[in-house]
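Everything on this sheet refers to the single structure shown next.
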Amino acid sequence: MSDVSSYLCFDYGLKNIGVALGNTLTKEARPIAILAATNGKPRWEEIEALVTEWQPKAVVVGNPIDEDGGPTELSAKAAKFARQLEGRLGLGATLHDERFSSKEAKLRAKESGHKGDFVKQPIDDLAAAIILESWLNRESY
């Protein structure tokens, strides 16, 4: 039997950063937090606390590319965030395609009774879970 490893995933945004936790055994992820960000800058102590609590093997960061696979305005900022995670946490950080994760998160949330006001009730953590599940189901670890 192979070792089970946990991973944290971050859905990077300028106002919110969604966080999810998943593992290689079930290849499923669950939302665990939405962290506030100021112009894309998180409170690093909150991220460090999550890493201390969950002890992930590595982290995954959603790569906000456009529908055609090209970079968006946020792509470079998400890549910088991934490099900062590596430097601050000493963990490997992988960028993973997050196309359509927000759309899927909105659909799942509405199916679960969300009223549709995603500003008052953000779902960035659910988007992070969708990104992580996609990564867990496509990657070798």
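Give me a count of the residues in the range 1-22 that are touching a Ser or Thr at 6+ places or on another chain (Cβ under 9 Å) and either among the small types (Gly, Ala, Ser) or buried (at least 18 other Cβ atoms within 10 Å of the Cβ) (or both).
Residues flagged as touching a Ser or Thr at 6+ places or on another chain (Cβ under 9 Å) and either among the small types (Gly, Ala, Ser) or buried (at least 18 other Cβ atoms within 10 Å of the Cβ) (or both) within the range 1-22 amount to 7.
Of the numbered conditions (1) part of a helix (DSSP H, G or I); (2) loosely packed, with under 12 Cβ neighbours inside 10 Å, Asp68 fails exactly one; give the number of that condition.
(1) is the only condition that Asp68 fails.
Do we find a residue being in contact (Cβ under 8 Å) with a residue 24 or more places away in the chain, more than 14 Å from the chain's Cα centre (by Cα), in a loop (DSSP other than H, G, I, E, B) and surrounded by 15 or more Cβ atoms within 10 Å (Cβ to Cβ) anywhere in the range 91-110?
Within the range 91-110, one or more residues are in contact (Cβ under 8 Å) with a residue 24 or more places away in the chain, more than 14 Å from the chain's Cα centre (by Cα), in a loop (DSSP other than H, G, I, E, B) and surrounded by 15 or more Cβ atoms within 10 Å (Cβ to Cβ).
Residue by residue through the range 111-141, note down the ones that are in a loop (DSSP other than H, G, I, E, B), open to solvent by less than 50 Å² (accessible area, probe 1.4 Å) and either of a type in the set (S, T, N, Q) or free of Cβ contacts under 8 Å to residues at least 40 places away in the same chain (or both).
Passing the criteria: Gly113, His114, Gly116, Phe118.
What number of residues within the range 76-90 satisfy the criterion of being open to solvent by less than 50 Å² (accessible area, probe 1.4 Å) and either aromatic (Phe, Trp, Tyr) or in contact with a Leu (Cβ under 9 Å, 6 or more places away or on another chain) (or both)?
Adding up the residues that qualify gives 5.
Of all residues in the range 43-64, which are within 14 Å of the chain's Cα centre (by Cα) and either over 21 Å from Ile32 (Cα atoms) or of a type outside the set (A, V, I, L, M) (or both)?
Answer for the range 43-64, where residues must be within 14 Å of the chain's Cα centre (by Cα) and either over 21 Å from Ile32 (Cα atoms) or of a type outside the set (A, V, I, L, M) (or both): Pro56, Gly62, Asn63, Pro64.
Tell me, yes or no, whether the range 37-60 has at least one residue that is touching a Ser or Thr at 6+ places or on another chain (Cβ under 9 Å), surrounded by 15 or more Cβ atoms within 10 Å (Cβ to Cβ) and under 26 Å from Phe118 (Cβ atoms).
Within the range 37-60, one or more residues are touching a Ser or Thr at 6+ places or on another chain (Cβ under 9 Å), surrounded by 15 or more Cβ atoms within 10 Å (Cβ to Cβ) and under 26 Å from Phe118 (Cβ atoms).
Can you confirm whether the range 40-57 contains a residue that is closer than 19 Å to Ser134 by Cα, at pLDDT 95 or above and either touching a strand residue (DSSP E or B) at 6+ places or on another chain (Cβ under 9 Å) or not β-branched (Val, Ile, Thr) (or both)?
yes
Of all the residues that make up the range 1-46, how many are farther than 21 Å from Ala76 by Cβ, of a type in the set (A, V, I, L, M) and part of a loop (DSSP other than H, G, I, E, B)?
3
For Ala76, work out the one condition from (1) in a strand (DSSP E or B); (2) over 20 Å from Ile34 (Cβ atoms) it doesn't fulfil.
The number of the failed condition is (1).
The values are calculated or read from the model by the stated rules, or taken from the named source; none is laboratory data. Since the model is a prediction, treat every value here as computed from it, not as a measurement. Cβ sites come from the backbone with ideal geometry, for glycine too, and all protein chains shown count toward neighbours. Protein only, heavy atoms only, side chains kept; ligands, DNA and RNA dropped before computing areas. Shrake-Rupley method; radii C 1.70, N 1.55, O 1.52, S 1.80 Å.
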